1. Among 164, 130, 176, which is the only one that is in contact (Cβ under 8 Å) with a residue 24 or more places away in the chain and closer than 24 Å to residue 244 by Cα?
2. Of all residues being within 11 Å of the ligand (Cβ to nearest atom) and not in a loop (DSSP other than H, G, I, E, B) in the stretch 5-31, which is surrounded by the fewest Cβ atoms within 10 Å (Cβ to Cβ)? Just the residue, please.
3. Inspect the stretch 206-219 for any residue being over 20 Å from residue 30 (Cβ atoms), within 16 Å of the ligand (Cβ to nearest atom) and under 22 Å from the mean Cα position of the chain (by Cα) and give the result as yes or no.
4. If you scan the stretch 134-168, which residues turn out to be surrounded by fewer than 18 Cβ atoms within 10 Å (Cβ to Cβ) and of a type in the set (Asp, Glu)?
5. What about residue 208, is it part of a helix (DSSP H, G or I), crowded, with 23+ Cβ neighbours inside 10 Å and aromatic (Phe, Trp, Tyr)?
6. Collect the residues in the stretch 178-194 that are surrounded by 13 or more Cβ atoms within 10 Å (Cβ to Cβ) and among the small types (Gly, Ala, Ser), keeping them in residue-number order.
7. Looking at the structure I just gave you, is residue 68 within 23 Å of residue 120 (Cα to Cα), away from the ligand (no atom under 16 Å from the Cβ) and buried (at least 23 other Cβ atoms within 10 Å of the Cβ)?
8. Scan the stretch 278-305 for residues that are surrounded by fewer than 24 Cβ atoms within 10 Å (Cβ to Cβ), in contact with a Phe, Trp or Tyr (Cβ under 7 Å, 6 or more places away or on another chain) and among the hydrophobic types (A, V, I, L, M, F, W, C) and jot them down.
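The values are calculated or read from the model by the stated rules, or taken from the named source; none is laboratory data. Every value quoted in this text rests on a predicted model; they were computed, and no experiment measured them. Cβ sites come from the backbone with ideal geometry, for glycine too, and all protein chains shown count toward neighbours.
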Amino acid sequence: MTENKTYIVRVPATTANIGSGFDTLGMSLGLYNVVQFVPTEGKALLETEISAEGEGAGQITSGLDNMIIKAMDETAKRAGKTVPGGKMYLINRIPFARGLGSSSAAIASGVFLANMLMGEPFNRKEILDITAEMEGHPDNAAPAILGGFCMALLKNGNVTAERIDIPSHWKAVVTIPDFELHTEKARAVLPKTYPRSDAVHNIGAVSFLMAAFMYQKPEYLKLGLDDVIHVPYRLGLIPGASDVIRNAERAGAYGATISGSGPTIIAFAPAELAEKVGIAMVNGFAAAHMTSRYLVLDFDHNGIMSV
Ligand code: HSE
């Protein structure tokens, strides 16, 4: 650690599940939070002064209530070290509780920053293990750290993750309604068990989803996104969501679904139709008297990094 040096970490938004890949698949999006940190020798981590601009800037918590600080503390403990406090400045572009991986981004940036401050005792795989364990599922954590389109499985505290590239001419159109939906609430509506036919359906769908990306066959995307494990149960929590998905497809998207646990809806579209798709999606929410905004995003291929 160098005192008075500014450490800067950039972390991407992520979209988890990708329809049929519940708790397993995720993609990294070209929308970033930035954490700037200047350590002060002798200052305790929990005394870090935090200020912020952007999404949720007025609601920033401090000490262990702040997920970045909590992740820094946990990472230092795992290395058997301590990290100092200091001044932290956040540029938040990832909206909170909208299904775009804001909590994974916060945890990942805390783990990554603490690792930098300690002289990098952990490699990227270990950073992913700590982040996924703190988050509870690896589908946002893996793309936040590795970038691209990731498959990830958490077993006995160990994450196995693989990433593939996303076709460069595909865009993500994320349409963000003006309300928060917390993951716990969106998980509480899911059944505890499923019939075998639903399991078989999703195994088939996820197989075609992978083919759509790996062989760049967008004609398989709609089938690949066709989930029966979580999407049908969550649509009722997002007014207008079914119309938004239908509007996106009619406007030329390859397919659309709930981003993570919602309420954002994500469409995959060719670049030339992306704006049209976004407008159609906002109109879908408006028909249900919901205010929303859309962003046309590139996919991120790098994951978290120091800048
Ligand atoms: N896979 C998780 C879910 C992602 O859908 O509940 C939310 O962070």
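1. Going through 164, 130, 176 in turn, the sole match is 176.
2. The extreme case among them is 25.
3. Yes; the residues of the stretch 206-219 include at least one that is over 20 Å from residue 30 (Cβ atoms), within 16 Å of the ligand (Cβ to nearest atom) and under 22 Å from the mean Cα position of the chain (by Cα).
4. Once the filter is applied, which keeps residues that are surrounded by fewer than 18 Cβ atoms within 10 Å (Cβ to Cβ) and of a type in the set (Asp, Glu), the stretch 134-168 yields 162, 165.
5. Working: part of a helix (DSSP H, G or I): yes; crowded, with 23+ Cβ neighbours inside 10 Å: no; aromatic (Phe, Trp, Tyr): yes.
In short, no.
6. The one that is surrounded by 13 or more Cβ atoms within 10 Å (Cβ to Cβ) and among the small types (Gly, Ala, Ser): 186.
7. Here the answer is yes, as residue 68 does meet what is asked.
8. Selection gives 282 alone.
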